[in-house]
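S.K.: The structure under discussion is supplied below as structure tokens; questions concerning it will follow.
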């Protein structure tokens, strides 16, 4: 399609406008982190701070509660992501490539949770972990969410599309199913692992209600707990809150930017079903 | 170690082809038997975890919602009493109305924004398009908790929302404290968090439409609106059904934004169903657990049936396949 210079200019301006308005709330958060207590709510609106004062950012990265929560949440998110990929890819491989008795039943069993709304099981899951004496442990943050029907389904779609020839050749050469999974399928799973790994990391990092229900130990407090309860615990210190929020948003945005190619295509796969 | 375990005595007179077929059959049988143990070991971690943390809690919820429990006495079966309490609680119905209103704001608006953005991105050159694709995804990775706080800041009395409406001569609005505005105000961050993924899914679907369709349309002199109306939209019907249903089920379950932004206020105007359930669960009145579980399971049923109605309604007109 040929475009006139005018059409080109209009679409360039539109693209910039869209870019700016989508990112505005994030930019506003970062800017608010540089502003003083009265400056942050000053009318008329002024985007850039009077002076680039890193005071809030300095204060928050020396705040013990905040730093501890960042570290603890990061470790939890990494462990969670690895466990989730391991558990779900094993099941995904079995459902995609193996024949076994009652396969249909186990498939329905593993995929049904996709259709169960979170709230229907949230409250009794809390009762269950309380009975298992898991409250205020690292395990309660990680284990209950590891098995994910969505991740398993996504990985299974990938393994289904994988050509059978290599696998058959390996079987004839005497490899067993575990070796095939570990040596052939895992090394080929980079793309779906990146997509689902990012999804798992984000789910853990951004979770709020589950830690609020299960964690009261300050040593295990998660980052979103700190920021979600910030205003009720520390009052409306907007500059400090927004500085903390900017830092807490960084890992998720960085992950997206690093893996953008995989993730944008991953959306495509998920949308097609 | 060989996978081929053919111990059968093969008559010498059998042809090579027959022997091959036998061996193949034996191999397949061997695999099937070996696979049982391997496959069960492979799905075991997932099955066990789902059993403990999804299936059992669901069954337990169903059981608890029919029983009155206390510390000292054995549980008493009360049938559907708690469901009756929930269904006669005006606050439950109110929260359902709030939830449906919230969905009615977020889902159609989100779809229109996604459609406009996707159509626009489709016309751009590859470089600019890929920048915008990542840009629309960025809000989706920001935590709800952070977004809620950012928008509370934006909605402050001296915040930028009021500065902005001031440009049009409108006097300052109490965004989160005005009963008639609070819910739409909470819906804005909800939209911001959700439109990106729909945009990318729609864009992917649009790129799958063969360009020959558009070429013949332009040969026939169709304008942009006609092309959208008669080619793009009908071909995207299935994707719209998918996005509308997932959008609806997700938005009806929203509670984090109102929990952080308004705690359900003012006068319960942002009390979504899940927020109502969490509040009842945290309530210290007796049998709060059974009551909130009954409400959660009822919502489950409502969600399921409305999704089904939407699905039927949108797909009743036969979908056109590209």
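S.K.: Between A:25, A:44, A:211, where does the largest GNM mean-square fluctuation fall for chain A, given springs only between Cα atoms within less than 10 Å?
M.R.: A:44
S.K.: Given the options A:190, A:37, A:131, which has the most mean-square fluctuation in a GNM of chain A, springs set between C-alpha atoms less than 10 angstrom apart?
M.R.: Greatest mean-square fluctuation among the candidates belongs to A:131.
S.K.: Using the alpha-carbon atoms, what tilt in degrees (0 to 90, nearest 10) does helix A:238-258 show relative to the longest principal axis of chain A?
M.R.: In chain A, helix A:238-258 runs at an angle near 30 degrees to the longest axis.
S.K.: Same structure, new question: Going by C-beta contacts inside 10 Å, put B:73, A:8 in order with the fewest on the left. Display every interim value, and only then the final one.
M.R.: Details: B:73 8, A:8 11.
Lowest count first: B:73, A:8.
S.K.: OK, next. Relative to a virtual label point 7 Å from the Cα of residue B:215 in the Cα→beta-carbon direction, which members of segment B:105-140 show backbone nitrogen distances below 14 Å?
M.R.: Backbone N within reach: none found.
S.K.: For the protein assembly as shown, which semi-axes, largest first and in whole Å, follow from the square roots of 5 times the eigenvalues of its Cα gyration tensor? Don't skip to the answer; put the middle values down first.
M.R.: Details: eigenvalues 380, 230, 129 Å².
The three semi-axes for the protein assembly as shown are 44, 34, 25 Å.
S.K.: Right, next: Grab the Cα-Cα distance for residue B:77 and residue B:282, subtract it from 0.36 nm times how many residues apart they are, and report the gain in nm with one decimal.
M.R.: Taking residue B:77 through residue B:282 to full extension adds about 71.5 nm, to one decimal.
S.K.: Rounded to the nearest 0.05, what FRET efficiency is calculated for residue B:128 and residue B:40 with R0 set to 60 Å and r the Cβ-Cβ distance?
M.R.: My answer for the efficiency is 0.75.
S.K.: Cα axis of helix A:118-131 to longest principal axis of chain A: angle in degrees, 0 to 90, nearest 10?
M.R.: Long axis of A:118-131 versus the principal axis of chain A: about 80 degrees.
S.K.: Need the full-extension length gain, residue B:309 to residue B:85, defined as separation in residues times 0.36 nm minus the C-alpha distance. One decimal, nm.
M.R.: Value of the extension gain: 78.0 nm.
S.K.: Can you compute the modelled spin-label distance between residue A:39 and residue B:69, with each label point 7 Å from Cα toward Cβ, in nm?
M.R.: Distance between the two pseudo-spin positions: 5.4 nm.
S.K.: Efficiency by 1/(1 + (r/R0)^6): what FRET value for residue A:162 and residue A:219, r their Cβ-Cβ distance, R0 = 56 Å, to the nearest 0.05?
M.R.: Values: r = 44 Å, r/R0 = 0.78.
Here the calculated transfer efficiency is 0.80.
S.K.: Select from B:95, B:180, B:125 the residue whose mean-square fluctuation is largest in a Gaussian network model of chain B (Cα-Cα springs shorter than 10 Å).
M.R.: Most flexible of the set in this elastic network: B:125.
S.K.: Would you mind calculating the gained length between residue A:21 and residue A:261 on full extension (0.36 nm times residue separation, minus the Cα-Cα distance), in nm to one decimal?
M.R.: 84.1 nm
S.K.: Compute the acute angle (0 to 90°) between the alpha-carbon long axis of helix A:5-33 and the principal axis of greatest extent of the alpha-carbon atoms of chain A; round to the nearest 10°.
M.R.: Compared with the principal axis, the helix lies near 80 degrees.
S.K.: Once you place label points 7 Å from the Cα toward the Cβ at residue B:263 and residue B:230, how far apart are they in nm?
M.R.: 5.8 nm
Coordinate-derived values only; no laboratory data. In this text, all values refer to a predicted model and were calculated from it rather than measured experimentally. Heads up, the Cβs are rebuilt from the backbone with ideal geometry, glycines too, and the neighbour counts pull from every protein chain shown.
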